[in-house]
Every structure is written in C-alpha cells, then in structure tokens.
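Heads up, the thing below is written out as structure tokens.
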C-alpha cells in the first residue's frame with residue numbers, strides 16, 4: 001500500500017496522534033459494548049489484575065475459612081469476584097467511584113474499559129453492594145444491568161471524637177499570620193477545573209477585607225497552580241499546598257469557618273457527592289457550614305439540617321456566605337447535628353456489620 005504510506009508521511013505528527021487517539025477510543029467503546037452484549041466468558045487474561053496477585057492470594061484464601069470477601073472498588077471487586085466464584089465464597093462489592101460507561105474519563109484511564117467490564121461481570125454475581133446513598137445505588141445498578149441486589153448504604157464517613165474540642169483552631173491563622181478575626185472560607189482537596197477552583201479565586205477578589213479563600217490541597221499540574229496565583233491579584237487567597245499527616249487534617253478544617261463543596265454536573269460521580277465526599281464529613285464534624293451547588297443530595301441535607309446553603313451558580317456565593325455569617329452559631333450547631341446523623345462512621349458502619357453477622 002505505497003499510496004497510504006505516502007499519505008501518512010504527509011500528515012503532521014499531531015494529526016497522526018489525533019487520528020490514533022480517535023480510532024483507539026472508538027475501538028475501546030466498541031470492544032466494551034461487544035463484550036457486554038455478547039455474553040463472552042471472562043477469562044483471567046481480561047482481569048485488570050496481575051496474575052501473580054491472583055495466584056498468591058488464592059493460596060492464602062484456601063488456607064483460611066472466610067464467610068465473605070469484600071471487594072473495595074472495581075479492582076477489588078475483580079479480586080473478590082474471581083476468588084469468590086472459584087472457591088464458592090459469597091462476595092460483596094464496596095463501590096466508591098461511579099465510573100459509568102458514560103463517564104468522560106473511562107476511556108482515558110489505563111485498563112479502564114477492561115476494569116469496567118470486570119466490574120459489571122462480577123457485580124452481577126455479588127451477594128450485596130455497599131454504596132454511599134440510594135441515588136448512587138440506582139445509577140450503579142442501572143449501569144451494570146442489575147435489576148436488584150442487597151444495598152447497604154454507607155456514606156463516606158469518619159469516626160466521631162466525643163471528647164473533641166469544639167472551639168475553632170488557630171492553625172491557619174498562625175501559619176499564614178492572619179488576624180484572629182479573619183473569616184476563612186475553605187476549599188479542601190483537589191484543585192481542578194471540575195472543582196471550579198480558578199472561578200472561586202476570581203470571585204474571591206471581591207471579598208471584604210476580613211474574608212479569605214483558603215485552598216488547601218493539591219493541583220493536577222503546575223500550570224493550574226500558576227493560573228490560580230496569577231488570578232489572585234488582590235491577595236485574597238491563602239494557597240496552602242503543604243499537605244499534613246492525616247491526624248493533623250482536623251487542625252486545617254477546624255481553622256476555617258465555612259466549607260465549599262463544588263463539583264461539576266457533567267457526570268454522576270461528581271454530581272452525586274453529598275454523601276460521597278470526605279470533605280463534607282470533615283466540614284460537618286468540625287461545625288463548618290457548607291456551601292454547594294443545588295444538587296439533590298446537598299439540597300436534601302441543607303433542607304433537613306439547615307447546616308449549609310445551596311446555590312444555583314457561583315454568582316450567589318458571596319450572598320450565601322453572608323447568609324451563613326448572619327446566623328453562624330445556628331448553622332454551626334446544625335452542622336454538628338448533621339455529622340452525628342449522617343457522617344459518623346461508628347453509626348453508619350453498623351448496618352454493614354449487622355449484615356455480615358446475620359446475612
């Protein structure tokens with residue numbers, strides 16, 4: 001095919017890469033759906049796990065008597081499912097991330113399609129599913145083609161500390177030499193376009209003098225961090241990039257006054273985060289009222305507990321902050337109540353424990 005070779009040589013390298021990327025994505029999409037509806041058997045070579053891991057763990061499992069295997073996330077489910085089916089041990093799927101067949105990142109992740117196919121295959125054979133809330137449960141079951149299963153709801157939760165000091169910490173104020181009366185509005189975690197970090201920095205430029213936006217966490221690239229710094233022309237942003245040990249995170253959160261939880265609407269995994277984001281558990285545990293987009297889960301929490309405010313767009317952020325500050329102690333008290341009811345791991349995990357004991 002000399003004509004084709006000559007044509008390819010004339011193409012710029014960037015065009016060739018673009019064509020390859022398009023064809024590869026189409027291939028993955030077709031391969032996934034051919035497998036889904038073709039009822040092909042799932043061989044070990046299609047597992048998103050190394051064969052040595054399967055072999056070693058098989059020896060360990062055979063030497064012990066397990067009542068259940070619990071597979072955390074998709075690869076964990078593949079591990080538990082493979083051994084559960086082979087050794088006739090019931091297994092449970094603990095789902096954390098909703099990477100559906102429509103998720104924009106599925107076809108970008110290494111072995112993403114293979115992992116998703118294995119998830120669907122073993123999910124249909126599982127005994128029960130641990131997931132954060134009913135909405136995420138419905139999405140997961142529909143995407144994996146399950147009509148029903150035993151659903152055990154376990155929001156992303158953290159342990160309570162009954163003896164915790166409920167007074168605000170001054171860690172951030174001391175570290176960044178801020179006035180003690182400075183109001184800190186925090187975004188905790190990943191800085192990202194689907195978390196609207198740059199947009200928040202832009203809005204913060206019009207904050208009053210005694211308000212600061214704290215960004216504690218990390219960015220996906222130095223370019224994004226640079227973009228944040230360039231946008232902060234009025235020094236309204238505290239960029240806290242030094243990550244702390246897990247046992248010190250409480251000092252970061254407890255130094256702030258209001259917590260932000262903004263996620264894109266573009267996919268179910270981001271949209272359904274009211275019970276699937278650790279930042280919400282942390283905010284409510286330490287009495288931080290939250291502000292989030294008016295998505296169903298956040299709307300339900302704000303309406304039920306009055307521990308935060310939901311807004312239709314970032315244009316209402318300043319107004320939402322003012323609403324919270326005008327009745328701050330009430331919002332703060334309600335946040336503590338919300339944590340006890342929704343995000344206390346000791347209470348939430350009991351449902352799973354009861355199932356394991358009686359199931």
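Observations on the structure shown:
- Degrees between helix 345-358 axis and first principal axis of the chain (Cα, 0 to 90, nearest 10): 30
- Projected label points at residue 202 and residue 242, each 7 Å from Cα along the beta carbon direction, are separated by 3.2 nanometres.
- Ascending count of other beta-carbon atoms within 10 Å, so fewest first, for 149, 197: 149, 197
- As a calculated quantity, the FRET efficiency between residue 180 and residue 226 at R0 = 30 Å, using C-beta atoms, amounts to about 0.45.
- Sorting 205-217, 62-74 by their mean Cβ neighbour count within 10 Å, with the most densely packed peptide first, gives 205-217, 62-74.
- Quick note on the range 89-128: its Rg to Rh ratio, both from C-alpha atoms and Rh being the Kirkwood radius, is 1.01.
- Between the helical axis of 328-338 and the longest alpha-carbon principal axis of the chain there is an angle of about 30 degrees.
- Highest-MSF residue in the chain out of 58, 120, 147 [GNM, Cα springs under 10 Å]: 147
- Based on DSSP H segments of at least four residues, each scored -39500 (n - 2.57), the chain has a per-residue ellipticity at 222 nm of -14500 deg cm²/dmol.
- Compactness of the chain was expressed as the Cα radius of gyration divided by 2.2 N^0.38 Å, which yields 1.15.
- As a proxy for reagent exposure, 133, 169, 105, 161 were ordered by neighbouring Cβ count within 10 angstrom, fewest first; the result is 161, 105, 169, 133.
- Ordered by the number of other Cβ atoms lying within 10 Å of each residue's own Cβ, fewest first, 180, 116 fall into the sequence 180, 116.
- Angle in degrees between helix 134-143 and the longest Cα principal axis of the chain, rounded to the nearest 10: 30
All of the numbers you see were taken from the coordinates with simple rules; none came from a lab. It should be emphasised that the depicted structure is a prediction, and the values quoted were computed from it without experimental measurement. A quick note on method: Cβ atoms are made from the backbone with ideal geometry, for glycine too, and the neighbour counts reach across all protein chains shown.
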